[in-house]
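Below is one structure, written out as structure tokens; the observations come after it.
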Amino acid sequence: MAFTTFNDPDLGEVRVSVRANATRITGRWADGRVLIIVPRTVTAGIISEAIARMKPSLLAHRPCSGLFMPGRDLELDGGVIFHFERSPFVDDREIRIDRSAGGATVRIGQGIDMSDPATDGMISRLLIRASLFLAPSVLLPRAAEMASALHLTPRSIDISRGHKVLGHCSRRGDIAISSICLFLPWELRDYIVCHELAHLTHMDHSSRFHALCDCYLGGRERELIRSLNAYRWPVMR
């Protein structure tokens with residue numbers, strides 16, 4: 001994929017990719033850099049204006065940095081801990097993750113540049129992959145407990161792979177919670193679960209749905225939506 005790259009004083013390195021199937025200008029963080037997707041027909045001036053409009057949101061959602069430095073731990077609610085260390089036992093340019101019951105150790109080769117934004121992207125992908133194995137024992141018991149407390153009986157509750165969609169409820173009553181929710185605090189995980197539980201009654205986002213979800217959350221739905229929108233993920237989605 002070809003990029004045009006430039007440095008912005010606030011955003012740092014920005015990559016612009018022209019794609020034939022793009023219908024509008026979008027921007028997101030990818031591997032520690034801003035990626036702007038643009039249609040073929042837009043001019044440089046329009047792209048600059050779009051980046052200026054998106055900049056406040058992009059800055060608000062800039063991924064946390066420094067969390068993966070060797071010697072540090074990333075501690076998640078539910079007792080999951082990721083430990084980061086330099087390791088002479090892996091190739092210089094390799095990053096390896098060794099899972100355990102309560103988390104994982106991320107072993108970083110001596111030749112890996114921790115100041116390179118791409119390194120955060122590589123480690124994030126490893127952590128998200130590990131979350132598929134760690135999330136069930138943390139997220140599923142809590143979701144089942146919440147359903148029981150609300151006297152609800154979903155057909156099933158499972159873990160999903162997608163890390164853009166945080167939760168889903170099918171018309172048959174099957175609920176899926178994304179493994180990436182492992183990187184949320186408990187109250188935001190609970191919001192995702194209650195949102196999907198409310199879909200057992202209302203398969204839409206009508207006022208009745210939101211009233212029910214708000215009831216499940218003790219009147220905190222709007223507050224928790226704001227918190228989720230402002231949340232700075234410790235991994236790159």
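The values are calculated or read from the model by the stated rules, or taken from the named source; none is laboratory data. As the structure is a prediction and not an experimental result, all values here were calculated from the model. Cβ placement follows ideal geometry from the backbone for every residue including glycine, while neighbour counts extend to all protein chains displayed. Accessible surface is based on the protein model in full, side chains and every heavy atom, while ligands, DNA and RNA are left aside. Shrake-Rupley method; radii C 1.70, N 1.55, O 1.52, S 1.80 Å.
Quick notes
- Ligands, DNA and RNA are left out, and with a 1.4 angstrom probe the accessible area of segment 1-53 is 61 Å² per residue.
- Measuring r between the beta carbons of T23 and R161 and using R0 = 30 Å, the FRET efficiency lands at 0.70.
- Computed [θ] at 222 nm, helices only, for the chain once each DSSP H run of length n ≥ 4 contributes -39500 (n - 2.57): -11500 deg cm²/dmol
- Accessible carbon and sulfur surface of the chain relative to its total accessible area, %, 1.4 Å: 51
- Trypsin sites (Lys or Arg not before Pro) within segment 31-121, DSSP loop, no more than 11 other Cβ atoms inside 10 Å: R40, R93
- Surface per residue (accessible, 1.4 Å probe) for segment 87-211, Å²: 49
- For the pair T105 and A230, a Förster radius of 35 Å applied to the C-beta separation gives a FRET efficiency near 0.70, rounded to the nearest 0.05.
- At q = 0.15, 0.18, 0.21, 0.34 Å⁻¹, base-10 log of I(q)/I(0) for segment 40-84 (Debye sum, equal scatterers on each alpha carbon): -0.61, -0.68, -0.76, -1.07
- Lys/Arg +1, Asp/Glu -1 at C-beta; the chain dipole; positive extreme among P154, M114, G78: P154
- Applying the criteria of a DSSP loop state and at most 15 other Cβ atoms within 10 Å to the chymotrypsin sites (Phe, Trp or Tyr not before Pro) of segment 1-43 yields F3.
- Counting only heavy atoms of the protein chains and using a 1.4 Å probe, E187 has close to 80 Å² of accessible surface.
- Taking label points 7 Å from Cα along the Cα-to-Cβ direction, H151 and N7 give a separation of 6.3 nm.
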